[in-house]
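Participant: After the structure tokens below, expect a handful of questions from me.
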Amino acid sequence: MRNEFVIGVDLGSSFVRAALGKQNTEGNIEILSIAKVPTLGHVSNGEIININKTAQAVTDVLKSTTSGITGKLQDLSYVSNITGAHIKVHPFTIQHVRENPRNPVSEKEIYDITQKAKKSIYENNHCVLHTLTLGFKVDQSKETLDPIGMVGTILYGDFLFVTADEEKLDTLKQTIKSSELASIAEGITFFSQLATGIAVLSEEEKNAGVAIVDLGSGTTEISVYQNNRLRHSKVLPWGGDLITEDIATGLNISIEHAEALKTKYGSSLSKEIDVKEIVLIPGIAGRKPTPISAKNLAIIIEERVRELSAAIWVEIGKIAEPESLKAGLVLVGGGAQLPDIAESIQKITGIETRIGEPNERAISIALEEEVNSPEYASAVGLVKIFFQQIEIPNELEMEEVSNSESGPTTPSSSNEPSKPKEPKVNFKKFLDRVVEVVMGNDEDVSKEW
């Protein structure tokens, strides 16, 4: 059975953020606590560079988040994320000429074509995180997730495969094993963008066409949804840290002061700032404060945001005409809190842009305001992913997955395809189903069970 409490752990380049949640009797998610601990210097561009210090940050955020609940950590489940420019999303189309076009498509044919696709990807990348089914079609028919019973000559399958660098994934597993998360009985890992999308996007937006942009300090993650399906995703080694470095260089100040200026006084619309506006930063060792032009600060930020906007435009253009995204852009992450950034990106790209915020209940109004911030979108989404099993028929029961040397599991296909066995509902199949729900692929899947 599912555990009562789940903690979502969002490991980022500046902070590790966590959200502790549970499911109430009405089936809604309720957030009980949140916390964040700095990881600056231990994680770079979304990739762990110091296992011990990152593990300590994970332990600290876990203790802070769970301090208010009774019971042992073994009674929790956790869902962690993985990101970085090493994450690749591969669209893959495969076709199969059927032996008898007059016979209806069978479950075995769907299984076989899926396994063949997985094997093709596995030959080039042994670290497959997620296998996401976009749909099937027979001959010139409309794409569907349920082709069972259709007739025709050629069966087509469209998939997205999410892969990772094996060494980077092993580093994440080592980090988790070195932290207090290792004492938790159940743990799984998801690509960040799957969690973020489920936290802030509506089904209507996914169907109309929308791009979600997660602005982190070390990376920017871009995903495009169309017709209720994830169609494209990319992790760029571009983050808010570049803005901070530009400010430090351009204004000849320290990185620490540059970050503080960006956070407290930054804006991405320089025209809104009075040329006479001045801010002061503390002097070194008791020296006089240094005056800084707020206008110059905004100009520096604005130039980097223009560069980011161009990168967003290019990535969207790889899969669709940007203007075809009727639901526009949705910004999340710590960088989405920069004043005027949505207006600035909308002005440059011409695409309607909004800030994406989770809309979850919390145990207090004050906590709810903190939870429903764009910086906690990924952590909250990770909690929601776990509880998506509410969409699955009641006969599904989770088997406990212990944290062995291999670390947390990932909702992916097995590396070597095997023949179908007698139906057995298990934790692995639950993970596959979760990906279906995240992708919006919840079109009559009852036949699976």
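Participant: Does Glu323 satisfy the criteria of being farther than 19 Å from Gly216 by Cβ, assigned by TED's automatic domain parsing to the domain that holds Ile212, touching a helix residue (DSSP H, G or I) at 6+ places or on another chain (Cβ under 9 Å) and touching a residue at least 24 places away in the same chain (Cβ under 8 Å)?
Facilitator: no
Participant: Name the strands (runs of 3 or more DSSP E) wholly inside segment 1-82 in which the number of residues that are among the acidic types (Asp, Glu) and within 19 Å of Ala182 (Cα to Cα) is 1 or more.
Facilitator: Of the strands (runs of 3 or more DSSP E) lying wholly inside segment 1-82, those with at least 1 residues that are among the acidic types (Asp, Glu) and within 19 Å of Ala182 (Cα to Cα) span 5-11.
Participant: With the requirement that a residue be part of a loop (DSSP other than H, G, I, E, B), touching a Leu at 6+ places or on another chain (Cβ under 8 Å) and closer than 22 Å to Ser309 by Cβ, what does segment 225-255 give you?
Facilitator: Of everything in segment 225-255, those that are part of a loop (DSSP other than H, G, I, E, B), touching a Leu at 6+ places or on another chain (Cβ under 8 Å) and closer than 22 Å to Ser309 by Cβ turn out to be Trp238, Gly239.
Participant: Select from segment 176-193 the residues that are farther than 27 Å from Ser223 by Cα and either of a type outside the set (Gly, Ala, Ser) or touching a Gly at 6+ places or on another chain (Cβ under 7 Å) (or both) and list them in ascending order.
Facilitator: Lys177, Glu180, Leu181, Ile184, Glu186
Participant: Among the numbered conditions (1) without any contact (Cβ under 8 Å) to a residue 40 or more places away in the chain; (2) touching a strand residue (DSSP E or B) at 6+ places or on another chain (Cβ under 9 Å), tell me where Gly152 comes up short.
Facilitator: Here Gly152 clears every test but (1).
Participant: Within segment 261-295, track down each residue that is closer than 19 Å to Glu343 by Cα and either of a type outside the set (Ser, Thr, Tyr) or touching a strand residue (DSSP E or B) at 6+ places or on another chain (Cβ under 7 Å) (or both).
Facilitator: Scanning segment 261-295 gives Lys262, Lys264, Tyr265, Gly266, Leu269, Lys271, Glu272, Ile273, Asp274, Ala294, Lys295.
Participant: Of the residues Lys326, Lys276, Lys318, which single one is surrounded by 13 or more Cβ atoms within 10 Å (Cβ to Cβ) and of a type in the set (D, E, K, R)?
Facilitator: Numbers: Lys276 fails: surrounded by 13 or more Cβ atoms within 10 Å (Cβ to Cβ); Lys318 fails: surrounded by 13 or more Cβ atoms within 10 Å (Cβ to Cβ).
It is Lys326.
Participant: Same structure, new question: May I ask you to say which residue of Ile184, Ile198, Ile188, Ile212 is at pLDDT 95 or above and more than 18 Å from Val43 (Cα to Cα)?
Facilitator: Working: Ile184 fails: at pLDDT 95 or above; Ile198 fails: at pLDDT 95 or above; Ile188 fails: at pLDDT 95 or above.
The match here is Ile212.
Participant: Among the numbered criteria (1) surrounded by fewer than 17 Cβ atoms within 10 Å (Cβ to Cβ); (2) touching a residue at least 12 places away in the same chain (Cβ under 8 Å); (3) of a type outside the set (Val, Ile, Thr), which one does His257 miss?
Facilitator: Of everything listed in (1) surrounded by fewer than 17 Cβ atoms within 10 Å (Cβ to Cβ); (2) touching a residue at least 12 places away in the same chain (Cβ under 8 Å); (3) of a type outside the set (Val, Ile, Thr), His257 misses just condition (1).
Participant: Test each condition in (1) of a type in the set (S, T, N, Q); (2) under 30 Å from Gln140 (Cα atoms); (3) touching a residue at least 12 places away in the same chain (Cβ under 8 Å) for Asn100 and report the one that comes out false.
Facilitator: (3)
Participant: Further, regarding this structure: What residue, among those in segment 23-73 that are surrounded by fewer than 19 Cβ atoms within 10 Å (Cβ to Cβ) and hydroxyl-bearing (Ser, Thr, Tyr), is nearest to Trp238 (Cα to Cα)?
Facilitator: So the residue we want is Thr59.
The values are calculated or read from the model by the stated rules, or taken from the named source; none is laboratory data. The shown structure was predicted, so the numbers you read here are calculated from the model rather than taken from an experiment. Ideal geometry is used to build each Cβ from the backbone, glycine not excepted, and the neighbour counts take in all protein chains shown.
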